[in-house]
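Novice: So that we are looking at the same thing, I have put the structure below in structure tokens.
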Amino acid sequence: MNDKSVLDKGPFFHGTKAELKIGYLLEAQYVSNFQDKKSNHIYFTATLDAAKWGAELGTSGLKERIYIVEPLGDFENDPNVTNKRFPGNPTRSYRSKSPLKIIAELGSWERHSDEEINHMLTSLKKLSEQGKSVIYD
């Protein structure tokens, strides 16, 4: 893993539908927001847009939330997007086996349009049907 100061200085966000408290530690080995399996990493981003997708696309029926988080250990570029779907890491997406501490909840933010969300859901469904929706964890 890489030293976090080399990759990105943040601020960092985690989009989800889970209701969490300030000071809570997000940790790996919990069921993923996107697949029915435990995740070996905790995922986060330094862009609000990517955090919005995390909140909007989570499978839970709970309220969409974006938390400001602090990585408590080393982290690396998320290989699921870095140089696979996009050259480099324009989404500034990362993952860690170390916890993320919730610093605050973002009070208000503008959702993607229903049209954008439906388009993304359709694209993800198509990838799943083609067997290409694998998350390398």
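The values are calculated or read from the model by the stated rules, or taken from the named source; none is laboratory data. Just so it is clear, the structure is predicted and the values come from calculations on it, not from any experiment. Cβ coordinates were reconstructed from backbone atoms using ideal geometry, including for glycine residues, and neighbour counts include every protein chain displayed.
Novice: (1) touching a strand residue (DSSP E or B) at 6+ places or on another chain (Cβ under 6 Å); (2) among the charged types (D, E, K, R); (3) assigned to a loop (DSSP other than H, G, I, E, B): which one isn't true of GLU110, the others all being true?
Specialist: Result: GLU110 passes all but (1).
Novice: Could you please find all residues in the range 66-88 being hydrophobic (A, V, I, L, M, F, W, C) and either in a loop (DSSP other than H, G, I, E, B) or under 14 Å from the mean Cα position of the chain (by Cα) (or both)? Outline the logic, then answer.
Specialist: Step one: of the range 66-88, the residues hydrophobic (A, V, I, L, M, F, W, C) are 66, 68-69, 72, 75, 81, 86.
Hits for the range 66-88 are ILE66, ILE68, VAL69, LEU72, PHE75, VAL81.
Novice: Sticking with this one: Give the range 117-137 a look and list any residue that's modelled with pLDDT of 85 or more and either β-branched (Val, Ile, Thr) or not in a helix (DSSP H, G or I) (or both), or say none.
Specialist: Result: ILE117, THR122.
Novice: Still on this structure, please answer the following. Can you name the residue in the range 64-87 that is of a type in the set (Phe, Trp, Tyr) and within 15 Å of ILE42 (Cβ to Cβ) and is also modelled with the lowest pLDDT among such residues? Working first, answer last.
Specialist: At the first step, the residues of the range 64-87 found to be of a type in the set (Phe, Trp, Tyr) are 67, 75, 86.
Among the residues that remain, those that are also within 15 Å of ILE42 (Cβ to Cβ) are: 67, 75.
Details: TYR67: 97, PHE75: 93.
So the residue we want is PHE75.
Novice: Restricting attention to the range 74-82, does a residue exist that is out of contact with any Ser or Thr (no Cβ under 6 Å at 6 or more places or on another chain) and either on the phi > 0 side of the Ramachandran plot or aliphatic (A, V, I, L, M) (or both)? Can you show your working first?
Specialist: Keep residues of the range 74-82 that are out of contact with any Ser or Thr (no Cβ under 6 Å at 6 or more places or on another chain), which gives 74, 76-77, 79-80, 82.
Adding the requirement that they be either on the phi > 0 side of the Ramachandran plot or aliphatic (A, V, I, L, M) (or both) leaves none.
No, there is no match, as no residue in the range 74-82 is out of contact with any Ser or Thr (no Cβ under 6 Å at 6 or more places or on another chain) and either on the phi > 0 side of the Ramachandran plot or aliphatic (A, V, I, L, M) (or both).
Novice: Now for a different question. I need every pair where a residue in the range 10-21 that is within 20 Å of GLY61 (Cα to Cα) has its Cβ under 6 Å from the Cβ of a residue that is part of a loop (DSSP other than H, G, I, E, B), sequence separation at least 6 or different chains.
Specialist: Here the result reads THR16/ASN33; THR16/GLY58; LYS17/GLY58; LYS17/SER60; LYS17/LEU62; LYS17/GLU64, each pair linking the range 10-21 to a residue that is part of a loop (DSSP other than H, G, I, E, B).
Novice: Scan the range 13-25 and tell me whether some residue there is surrounded by 17 or more Cβ atoms within 10 Å (Cβ to Cβ), modelled with pLDDT under 90 and not in a loop (DSSP other than H, G, I, E, B).
Specialist: Checking the range 13-25: not a single residue is surrounded by 17 or more Cβ atoms within 10 Å (Cβ to Cβ), modelled with pLDDT under 90 and not in a loop (DSSP other than H, G, I, E, B).
Novice: What number goes with the only condition from (1) out of contact with any helix residue (DSSP H, G or I) (no Cβ under 9 Å at 6 or more places or on another chain); (2) loosely packed, with under 13 Cβ neighbours inside 10 Å that LEU121 does not pass?
Specialist: Only one criterion is unmet by LEU121, namely (1).
Novice: With among the β-branched types (Val, Ile, Thr), assigned to a loop (DSSP other than H, G, I, E, B) and touching a helix residue (DSSP H, G or I) at 6+ places or on another chain (Cβ under 9 Å) as the only criterion, which of THR59, THR91 stands out? I'd like the intermediate steps shown before the answer.
Specialist: Numbers: THR59 fails: touching a helix residue (DSSP H, G or I) at 6+ places or on another chain (Cβ under 9 Å).
On inspection, the qualifying residue turns out to be THR91.
Novice: Would you mind telling me which numbered condition in (1) within 18 Å of PRO99 (Cβ to Cβ); (2) modelled with pLDDT under 90 PHE34 fails?
Specialist: Checking PHE34 against (1) within 18 Å of PRO99 (Cβ to Cβ); (2) modelled with pLDDT under 90, the one that fails is (1).
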